[in-house]
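Notes to accompany the following structure.
No lab work stands behind these numbers, since they all come straight from the coordinates. Keep in mind the model is a prediction, meaning the values are calculated, not measured. All Cβ positions, even for glycine, are placed from backbone atoms using ideal geometry, and neighbour counts span all protein chains on display.
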Amino acid sequence: MPDGVGHAGARVSVDAVPGDDAAATRLRARQQAELAVRYGEPDAGTFEADAALANVVVREGGEPVAFVALRDVSGTPDGRGGTHPERTGEVKRLWVEPAHRGRGHARTAMRAAHRHAVDAGLVSLVLETGTLQPESIDLYLSLGYVPIESYGHYAGHPLSRCFALDLATTHGARDRSDVADRASTTTAPVGARDARTSATAPSTPRASATVPASGDVEVCAVPWADPDAVALRREMHETSSAVLYPELRAGFDASGGFDAVDTRLGVDVVTTLVAYRGGEAVGCASLRRPAPGAPADALEVKKVFVRERARRTGTARRLLDALEDVARERGVASLLLETGIRQPGAIALYRSLGYRAVQTFPPYVGDNHVALCFAKPLV
């Protein structure tokens, strides 16, 4: 593999080594020890280094500083009642020595694993990380991985988050840190359907000021209970939340359904925005005070939704920019948000606006296997 230059000009090398290589064995053991500290128990997943397609060690100035392994999981049980497709590999045991983090070694190791995967004829990769490793989640997203349902030993585990990479379309491409606005996001549990699925034209005077428009989008600050805002949130619930996360519906119904949950959510909302195009309400977004236990001095982005006919027009981006302006005016230190693993377009949008993965915060901790949480510092 080609060499590079690392910290303070030190030479960086990348080598495939035998599974019992002393440096590789030591780095794998340190990785497992750190996971045991973070999660209170060691990783129960199995890994046999001798059977791996590649065991990769990154060295800086001759010192082993990073490790990653690659194995073939084609045709093996996926933990969801099926098997992994043929030519599927799994990335395992990524680790960078703490004193050498922040220098790009994890990215170097991952790219080496990708090259080995291509050379071995694999067409896709999967991997697992956890909600207590947001730095790993961000790395994988930047490399083009997208969230998938948890698999294998990790299937259904509330702390596990799994990702996949299509090597046929992403190998050799640059990191994906700038992606256009492609979709809306869901942040609420799922509940019962209702017949009202479309918004009406503005029907009440707006007491609050209009946020400056961008292009032909007019963004207005409105009350939480504004009819247009309520209709948009209801449509979001029926066409997005209930469709993408049906397993959450029972809990939502037990909480009283859309009207009851929406009313309670509004208690902590400090700002609601509705986007209009040609007089039609096409999108909404809100800010609320976060739940107890969430990061302090922050507001949480909630209910970002754009109607299907208005997507890919920059409307979601315009709403999020306007929310950020409101938060800055209030002197808020950071914005928080949560979205789900089945919304890669929304995740790409948030990352393009500077949001980065953080540990799950209340109320999304606990028995929740679909949430991904993000934050953006404003100061």
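Considering only GLY89, ALA296, PHE252, and ranking their Cα positions along the charge dipole of the chain that arises from unit charges at the beta-carbon of Lys, Arg, Asp and Glu, the one farthest toward the positive end is ALA296.
Note on ARG309/ARG356: beta-carbon distance plugged into 1/(1 + (r/R0)^6) with R0 of 51 Å gives a FRET efficiency of 0.95.
Measuring from centroid to centroid over Cα atoms, what is the spacing of the range 324-374 and the range 250-298 in Å? Between the Cα centre of the range 324-374 and that of the range 250-298, the gap is 14 Å.
Please work out the FRET efficiency for the pair ARG87 and ASP321, using the Cβ-Cβ distance as r and a Förster radius of 41 Å; give the result to the nearest 0.05. Display every interim value, and only then the final one.
Working: r = 42 Å, r/R0 = 1.02.
The value I calculate is 0.45.
Here's the picture: a label point sits 7 Å out from the Cα of ASP268 along the beta-carbon direction, and within the range 343-373 the residues with their amide nitrogen under 17 Å of it are 359-368, 371-373.
Take every Cα pair under 8 Å whose residues are at least 6 apart in sequence, average their separation, divide by the length of the chain, and the relative contact order is 14 percent.
Peptides 79-87, 255-263, 235-243, 269-277 ranked from most to least packed, by the mean per-residue count of other Cβ atoms within 10 Å: 269-277, 235-243, 255-263, 79-87.
Between ASP259 and ASP119, the modelled labels are 6.5 nm apart [label points 7 Å from Cα along Cα→Cβ]. Peptides 362-368, 293-299, 221-227 ordered by packing proxy, namely the average of other Cβ atoms within 10 Å per residue, highest first: 221-227, 293-299, 362-368. Using C-alpha pairs under 8 Å with a sequence gap of at least 6, the mean separation divided by the residue count of the range 4-170 gives a relative contact order of 19 percent.
Calculate the dipole size of the range 210-377 relative to its Cα centre from +1 charges on Lys and Arg beta carbons and -1 charges on Asp and Glu beta carbons; express the result in debye to the nearest 20. Walk me through the numbers before you get to the answer.
Details: 21 positive and 21 negative charges, 92 e Å.
My answer is approximately 440 debye.
If the Kirkwood radius is taken over C-alpha pairs of the range 233-379, then at 25 °C and 0.890 mPa s the Stokes-Einstein diffusion coefficient equals 155 µm²/s. Here the relative contact order of the range 210-377, from alpha carbon pairs under 8 Å that lie six or more residues apart, stands at 19 percent. Positive end of the dipole of the chain (Cβ unit charges, origin at the Cα centre): among VAL274, ALA168, LEU349, the Cα lying farthest that way belongs to VAL274.
Net charge dipole, the chain: roughly 680 debye, given to the nearest 20, about the Cα centre with Cβ charges of +1 for Lys and Arg and -1 for Asp and Glu.
Taken as Cα centroids, the range 4-56 and the range 73-138 sit 12 Å apart, rounded to the nearest whole angstrom. Between SER142 and ALA225, full extension at 0.36 nm per residue minus the direct alpha carbon distance yields a gain of 26.1 nm. Charging the Cβ of each Asp and Glu at -1 and of each Lys and Arg at +1, and nothing else, the dipole of the range 323-379 about its Cα centre rounds to 160 debye. Calculated [222 nm] ellipticity per residue, helices only, for the chain: -7500 deg cm²/dmol; basis is -39500 (n - 2.57) per DSSP H run with n ≥ 4, divided by all residues, nearest 500.
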